[in-house]
Amino acid sequence: MKKILSVLLALTMVLALAACGGSSAPAATEAAAPAATEAAAPAATEAAAPAEEAGSTITVGFAQVGHESDWRTANTKNYQEVFSADNGYDLVFVDCDNDNAVQIEAVRTSIQQGVDYIILAPIQSAGWESVLQEAKDAGIPVIVADRQVDADASMYDAFIGTDCEVEGELAGKWLAEYLNGAEANILVIEGSVGSSAAIGRTDGFNAIAAEHPEWTILDSQSGDFTQTGGQEVMESFIKSYNGKFNVVVCQNDNEAYGAMDAMDAAGITYGVDGDVIIISYDATHDGLKYTLEGKINCNVECNPIQAAYVDTIIKQMEAGEEFATYTLVEDQAFVAPGIESAYATTMTQEVLDGRAY
Ligand code: GZL
């Protein structure tokens, strides 16, 4: 394990933009990461002391959310491919099983082990200040990935992820375009309570809904980003609102699969030829397969291929080079065949075959 130099981070600018539930005003600039295969251009602003020994193994403690969804599986696979021994890493990976206490303990263990870097994909946004201070006191850089923490950006060294509030807005804008003034009675299956992904998608969608008095959000419950959760919430919704709703917003694909199962069992039709419009998030392979089949009307992407950006930042820190403190992985949306949209790409088999995950 490489001895850790006291890393002198001269913050000259911190980019603390709203993302996945954040609400701070946008900072001067951001490093928009174009496609998942290109390293983000460093917007930078950091200079770290060069690593003591070039070529030594870099030990990284990664506290991952869990294994709750297809998206998470793709995200984990991407990190395990990039943070390999051949690429100079010893990855200490912890699947925190969607348990916030386990995740806090996993980060503390990494600090005690004296890893070189910590990657944190926070299950919940709140409650990270003291642990981040402990990492700072130990001189261990922390990179927040995928989801946001509520702590000030000065409490960690970089963020790489998507903007879930923008994703929520995109879903709302598409629905407004698709309904074209028609009434909507909406049920929402939210993601994990307290996660910046659920908060952001909810806030973003609700901001658009507020512009449409012809829309009513009948109910909104957490399905915890799981298929079981999506089915259970949809079953409960059907008991309360059968025949009264025409839109279901699922905050990830696995929840959408569960909701589809519940509606199938109740004889409720959905998709482009059904009574209920389904909006989903993640645009994973199966989610886009259902979108191509017309079962999901609109699927808003959240790109899980993020590890290369983190690898680049760590290597830049190791070399004492400037690095991006805020990297936004760009998203897009997809719609079922037959739907033309200014906000989304119409699905084809070619689009599906060309996807990276
Ligand atoms: C979004 C990510 C969410 C996905 C879910 O950035 O954190 O967590 O949308 C996953 O599928 O469980």
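Per the conditions (1) modelled with pLDDT under 95; (2) assigned to a strand (DSSP E or B), the sole criterion not satisfied by Arg355 is (2).
Any residue at all in the stretch 293-300 that's of a type in the set (Val, Ile, Thr), out of contact with any Asp or Glu (no Cβ under 6 Å at 6 or more places or on another chain) and open to solvent by less than 30 Å² (accessible area, probe 1.4 Å)? Before you say what the answer is, go through the steps one by one.
Keep residues of the stretch 293-300 that are of a type in the set (Val, Ile, Thr), which gives 296, 300.
Next cut, out of contact with any Asp or Glu (no Cβ under 6 Å at 6 or more places or on another chain) only: 296.
Remaining after also requiring open to solvent by less than 30 Å² (accessible area, probe 1.4 Å): 296.
The answer is yes; a qualifying residue exists.
A single member of Thr269, Thr291 is under 26 Å from Leu328 (Cβ atoms) and of a type in the set (S, T, N, Q), and it is Thr291. Looking only at the stretch 238-256, residues that are surrounded by 24 or more Cβ atoms within 10 Å (Cβ to Cβ) and not acidic (Asp, Glu) come to 7 in all.
One residue alone among Thr109, Thr12, Thr37, Thr76 is more than 16 Å from the ligand (Cβ to nearest atom), surrounded by fewer than 21 Cβ atoms within 10 Å (Cβ to Cβ) and modelled with pLDDT of 95 or more, and that residue is Thr109.
The single condition from (1) without any contact (Cβ under 8 Å) to a residue 40 or more places away in the chain; (2) within 14 Å of the ligand (Cβ to nearest atom); (3) of a type outside the set (Gly, Ala, Ser) that Glu167 fails is (1). Applying a threshold of 6 Å to beta carbon distances and a minimum spacing of six or more residues, or different chains, the list of pairs starting in the stretch 240-261 at a residue that is more than 11 Å from the ligand (Cβ to nearest atom) and ending at one that is assigned to a helix (DSSP H, G or I) and open to solvent by less than 10 Å² (accessible area, probe 1.4 Å) reads Val248/Ala259; Gly258/Gly230; Ala259/Gly230; Ala259/Met234.
Taking the stretch 112-149 as the region of interest, how many residues are under 20 Å from the mean Cα position of the chain (by Cα), without any contact (Cβ under 8 Å) to a residue 60 or more places away in the chain and either surrounded by fewer than 23 Cβ atoms within 10 Å (Cβ to Cβ) or within 16 Å of the ligand (Cβ to nearest atom) (or both)?
Start the filter on the stretch 112-149 by keeping residues that are under 20 Å from the mean Cα position of the chain (by Cα), which leaves 118-128, 142-149.
Within this subset, residues satisfying the condition of being without any contact (Cβ under 8 Å) to a residue 60 or more places away in the chain are 118, 120-121, 127-128, 142, 144, 149.
Right, trim to either surrounded by fewer than 23 Cβ atoms within 10 Å (Cβ to Cβ) or within 16 Å of the ligand (Cβ to nearest atom) (or both) and you get 120-121, 127-128, 144, 149.
Total meeting the criteria: 6.
Going by the structure shown, is Gly66 in a helix (DSSP H, G or I), closer than 30 Å to Ile278 by Cα, within 16 Å of the ligand (Cβ to nearest atom) and open to solvent by less than 10 Å² (accessible area, probe 1.4 Å)? Spell out the reasoning first.
Values: in a helix (DSSP H, G or I): no; closer than 30 Å to Ile278 by Cα: yes; within 16 Å of the ligand (Cβ to nearest atom): yes; open to solvent by less than 10 Å² (accessible area, probe 1.4 Å): yes.
Answer is no for this residue.
Counting the residues of the stretch 301-323 that are open to solvent by 10 Å² or more (accessible area, probe 1.4 Å) and more than 13 Å from the ligand (Cβ to nearest atom) gives 10.
Identify all residues within the stretch 176-203 that are charged (D, E, K, R) and in contact with an Asp or Glu (Cβ under 6 Å, 6 or more places away or on another chain); write none if there are none.
Step one: filter the stretch 176-203 for residues charged (D, E, K, R), giving 177, 183, 190, 201, 203.
Passing the criteria: Glu183, Arg201, Asp203.
What residue, of Phe159, Phe93, is aromatic (Phe, Trp, Tyr) and surrounded by fewer than 21 Cβ atoms within 10 Å (Cβ to Cβ)? Full working, then the answer.
Numbers: Phe159 fails: surrounded by fewer than 21 Cβ atoms within 10 Å (Cβ to Cβ).
Only one candidate passes the filter, namely Phe93.
For the stretch 265-276, check the following and say yes or no: at least one residue is among the aliphatic types (A, V, I, L, M), modelled with pLDDT of 95 or more and either closer than 20 Å to Ala209 by Cβ or surrounded by 24 or more Cβ atoms within 10 Å (Cβ to Cβ) (or both).
So the first thing to find is which residues in the stretch 265-276 are among the aliphatic types (A, V, I, L, M), and the list is 265-266, 268, 272, 276.
Then keep just the ones that are modelled with pLDDT of 95 or more; that gives 265-266, 268, 272, 276.
The next check asks that each one be either closer than 20 Å to Ala209 by Cβ or surrounded by 24 or more Cβ atoms within 10 Å (Cβ to Cβ) (or both); those that pass are 276.
Yes, the conditions are met somewhere in the stretch 265-276.
When the stretch 256-283 is filtered for residues that are in a loop (DSSP other than H, G, I, E, B) and of a type in the set (D, E, K, R), the ones remaining, listed by number, are Asp273, Asp275.
Tell me, yes or no, whether the stretch 319-327 has at least one residue that is in a helix (DSSP H, G or I) and in contact (Cβ under 8 Å) with a residue 60 or more places away in the chain.
Pass one, the stretch 319-327, residues in a helix (DSSP H, G or I): none.
Within the stretch 319-327, not a single residue is in a helix (DSSP H, G or I) and in contact (Cβ under 8 Å) with a residue 60 or more places away in the chain.
Annotation: Ser222 fulfils all but one of (1) surrounded by 15 or more Cβ atoms within 10 Å (Cβ to Cβ); (2) away from the ligand (no atom under 16 Å from the Cβ); (3) of a type in the set (Ser, Thr, Tyr); the unmet one is (2).
The values are calculated or read from the model by the stated rules, or taken from the named source; none is laboratory data. Every value quoted in this text rests on a predicted model; they were computed, and no experiment measured them. No Cβ is skipped: glycine too gets one built from the backbone with ideal geometry, and neighbour counts run over all protein chains shown. Remember, those area values only see protein heavy atoms, side chains included, never the ligands or the DNA or RNA. Shrake-Rupley method; radii C 1.70, N 1.55, O 1.52, S 1.80 Å.
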